[in-house]
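Colleague: Attaching a single structure in structure tokens format; questions to follow.
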Amino acid sequence: MSADPKIKVAVCGALGRMGSASCSAVQADEALELVAAVDVGFGAGAAPLLGDGKDFSDLETALTVTGVDVVVDFTIPASVKANILACLNHHVAVVVGTTGLTGADLAEIDKVTEREATPVLVAPNFAMGAVLMMEFAKQAARYFQACEIIELHHDKKLDAPSGTSRLTRVRVEESWSETGVDKEVPIHSVRLPGLVAHQEVVFGGLGETLTIRHDSLSRDSFMPGVVLAVKRVRSLQGLVVGLENIL
Ligand SMILES: NC(=O)c1ccc[n+]([C@@H]2O[C@H](COP(=O)([O-])OP(=O)(O)OC[C@H]3O[C@@H](n4cnc5c(N)ncnc54)[C@H](O)[C@@H]3O)[C@@H](O)[C@H]2O)c1
């Protein structure tokens, strides 16, 4: 009996911190094949990463020539929407880790995923502990009517507040609305060298507080989630937001 064919993966933003970690994770998985590394940096003189004509400075060309099954995007907030739409145009499923997509962006992407019958998974955080932090925060919100989020990241992060904090806020506010509480969760952003990705969700009640904290100490923490998403994304329908939907 022949083994399943490998899933052909392209990583967009391949020269970046998350993109290069994703390239290594894809290469280390027997069920996946890294067919393209895409980064604007290749057009600006960066040395090839994969060689053999597999390094591309623009996504459109990679989509046209590589026969890719899934694109992983870890680029920048200013280019992620255009990258997703280019993939959908080629009927290629997308795993999106780049943060900074607005609600309006997601609504537009949702419509195109339906029109092109091609799925997109957007996960503001691929770390298992972060998914659990959001789940626990949702549970705690049933019992605490006051909550604030402190998110702390390295100083090169381009967007604030973080995508994880914004999704956590949505989860807490959803939980509150089920019990008739109509309030907003404030988010505080800290950017400092030395940090990776950290978040505290702090609930306050009568004479007590509850703090749920998650720390990503290295980018390895995101890779099992990225690999799982690559393997599962093509079985999804439309736009799906949050890693918890494929666990
Ligand atoms: N979802 C998660 O779990 C998670 C975890 C960490 C970071 N992030 C997010 O991932 C994104 C990337 O983070 P990073 O630290 O790797 O950033 P980075 O700056 O190290 O890398 C971004 C890379 O994208 C490239 N790039 C920019 N525009 C491009 C385009 N149009 N086409 C191809 N390549 C392009 C850049 O040249 C760069 O190499 C950020 O939005 C960050 O917030 C998400």
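Values in this text are rule-based calculations from the coordinates and carry no lab data. This is a predicted model, so every value here is computed, not measured. A quick note on method: Cβ atoms are made from the backbone with ideal geometry, for glycine too, and the neighbour counts reach across all protein chains shown.
Colleague: Per residue, how big is the convex hull of the range 128-216 when only Cα atoms are used? Give it in Å³.
Modeller: Working: hull volume 7.5 nm³, N = 89.
Dividing the Cα hull volume of the range 128-216 by its residues yields 85 Å³.
Colleague: From the Cα trace of the range 9-88, what convex hull volume per residue do you get, rounded to a whole Å³? Walk me through the intermediate numbers first.
Modeller: Values: hull volume 6.8 nm³, N = 80.
Convex hull of Cα atoms, per residue: 85 Å³.
Colleague: Taking 7 Å along the Cα-to-C-beta vector as the label spot, tell me the GLN27-HIS188 distance in nanometres, rounded to one decimal.
Modeller: Here the modelled spin labels are 4.2 nm apart.
Colleague: Can I ask one more? So how do 50-62, 173-185, 88-100 stack up, highest first, on mean other-Cβ count within 10 Å?
Modeller: 88-100, 50-62, 173-185
Colleague: Show the residues, 5+ positions off or on another chain, whose built amide H is closer than 5 Å to the amide H of LEU239.
Modeller: VAL120
Colleague: Compute the Kirkwood hydrodynamic radius of the range 1-134, taking the inverse of the mean of 1/r over all pairs of distinct Cα atoms, and give it in Å to one decimal. Each step should come with its number before you reach the end.
Modeller: Working: mean 1/r = 0.0655 Å⁻¹.
Final number for the Kirkwood radius of the range 1-134 is 15.3 Å.
Colleague: Would you report the distance distribution of C-alpha pairs in the chain as whole percents per 5 angstrom bin, up to the bin with the largest distance?
Modeller: Spelled out bin by bin, the chain gives 1, 6, 14, 17, 18, 16, 12, 8, 4, 3, 1, 0, 0 percent.
Colleague: Quick check: residue separation of GLU135 and ASP159 times 0.36 nm, minus the Cα distance between them. What number comes out in nm?
Modeller: Numbers: separation 24, 0.36 × 24 = 8.64 nm, distance 2.32 nm.
Working it through step by step, the gained length comes to 6.3 nm.
Colleague: HIS188's amide H: which non-local residues (gap 5+, or another chain) put their own amide H closer than 5 Å, with H modeled 1.01 Å from N in plane and none for Pro or chain starts?
Modeller: So HIS188 has HN proximity to ILE149, ILE150, GLU151.
Colleague: Hey, another quick one. Using the Karplus equation 6.51 cos²θ - 1.76 cosθ + 1.60 (θ = phi - 60°), what ³J(HN,Hα) coupling, rounded to whole Hz, does each residue of the range 193-207 give in order, writing x for Gly and Pro?
Modeller: With coefficients 6.51, -1.76 and 1.60, one gets x, x, 7, 10, 8, 9, 8, 10, 10, 10, 9, x, x, 6, x Hz.
Colleague: With θ set to phi - 60° and the Karplus curve 6.51 cos²θ - 1.76 cosθ + 1.60, what are the ³J(HN,Hα) couplings of the range 127-134 in order, to the nearest whole Hz, using x for Gly and Pro?
Modeller: Using θ = phi - 60°, the values come out as 7, 4, x, 6, 4, 5, 4, 5 Hz.
Colleague: A follow-up question, please. Each residue of the range 92-109 in order: what ³J(HN,Hα) in whole Hz does its phi give by Karplus 6.51 cos²θ - 1.76 cosθ + 1.60, θ = phi - 60°, with x for Gly and Pro?
Modeller: 10, 5, 10, 10, 10, x, 4, 9, x, 5, 8, x, 5, 4, 5, 5, 5, 5
Colleague: Within the range 136-174, which residues have the backbone N less than 16 Å from the label spot 7 Å out from LEU210 along Cα→beta-carbon, could you tell me?
Modeller: So the set is 136-149, 169, 171-174.
Colleague: If packing is taken as the mean number of other Cβ atoms within 10 Å per residue, what is the order of 26-37, 70-81, highest first?
Modeller: Order by mean packing, descending: 70-81, 26-37.
Colleague: Continuing with the same structure: Shape of the range 73-204 from its Cα gyration tensor (a ≥ b ≥ c, root eigenvalues): rounded if a/c is under 1.5, otherwise prolate when a/b > b/c, or oblate? Walk me through the numbers on the way to the answer.
Modeller: On the way: a/c = 2.40, a/b = 1.44, b/c = 1.66.
Taking the square roots of the gyration eigenvalues as a ≥ b ≥ c, the range 73-204 is oblate.
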